[in-house]
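Colleague: The structure under discussion is supplied below as structure tokens; questions concerning it will follow.
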Amino acid sequence: MDSITWALLGLAVVLGIVSWVRSYLREKEEERRIKQEIEMEKKKAEERKLLYRDMSTEELREYDGTDDKPIFLAARDMIFDVTTNPDSYGPDAGYGLFAGRDASRGLGKMSLEEEDCDVRHIKDFSKYETETLDQWIMMFLSKYPIVGRLKDAINGHVPDEWKRQVETELAAGKSRSIIDKFE
């Protein structure tokens, strides 16, 4: 092999090493960025916990996801933090109408109409509507923390099945809620 071939071969090796180093550095930068995002999300979650408390329907309205605020919604007088799912409950999302509001009636009736938000009574629900609302709440319990209860509660009791689920999780050391017991 002549000197030109060796030079080209050396150049190819150097370019390969440079390419590998750049790829490695990009990967490390991406890992660092992801770690920062995770830490930021953890910090935001901790800050949101400071907001967890019982609140009135009027106070709940503040937490609609606008202006970088968390997204809370209520169902059967329990308030859930659904901030981790802005694609569903954010201001411009499909269920965004329920953000910062009591969604009991809308969820039970499977309605996205304004007139079914913040209408808190459900005593006129059919068995199907009550079961539908209960299914929504079971889904919320499995995915989102309970952050409090509505102070001006009118929907009555918390079903025994929900109490048992939360108590079982607490006994197992898993808590998604600041509420240790339902009264």
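Colleague: Looking at segment 47-114, what helices (runs of 4 or more DSSP H) fall wholly within it and have at least 1 residues that are of a type in the set (G, A, S), exposed (fewer than 15 other Cβ atoms within 10 Å of the Cβ) and on the phi < 0 side of the Ramachandran plot?
Modeller: Filter on segment 47-114 gives 86-89.
Colleague: Another question, if that's okay. For residues that are open to solvent by 100 Å² or more (accessible area, probe 1.4 Å) and aliphatic (A, V, I, L, M), scanning just segment 3-16, find the one that is nearest to the chain's Cα centre (by Cα).
Modeller: Taking the candidates together, the pick is L15.
Colleague: So which of S111, S104 ends up being closer than 19 Å to Q135 by Cβ and free of Cβ contacts under 8 Å to residues at least 24 places away in the same chain?
Modeller: S111
Colleague: Another one. Does E30 satisfy the condition of being more than 17 Å from the chain's Cα centre (by Cα) and either exposed (fewer than 13 other Cβ atoms within 10 Å of the Cβ) or not in a helix (DSSP H, G or I) (or both)?
Modeller: yes
The values are calculated or read from the model by the stated rules, or taken from the named source; none is laboratory data. Remember, it's a predicted structure, so these values are computed and weren't measured experimentally. Virtual Cβ from ideal backbone geometry, glycine too; neighbours counted across all protein chains shown. Heavy atoms of the whole protein, side chains included, go into the accessibility calculation; ligands, DNA and RNA do not. Shrake-Rupley method; radii C 1.70, N 1.55, O 1.52, S 1.80 Å.
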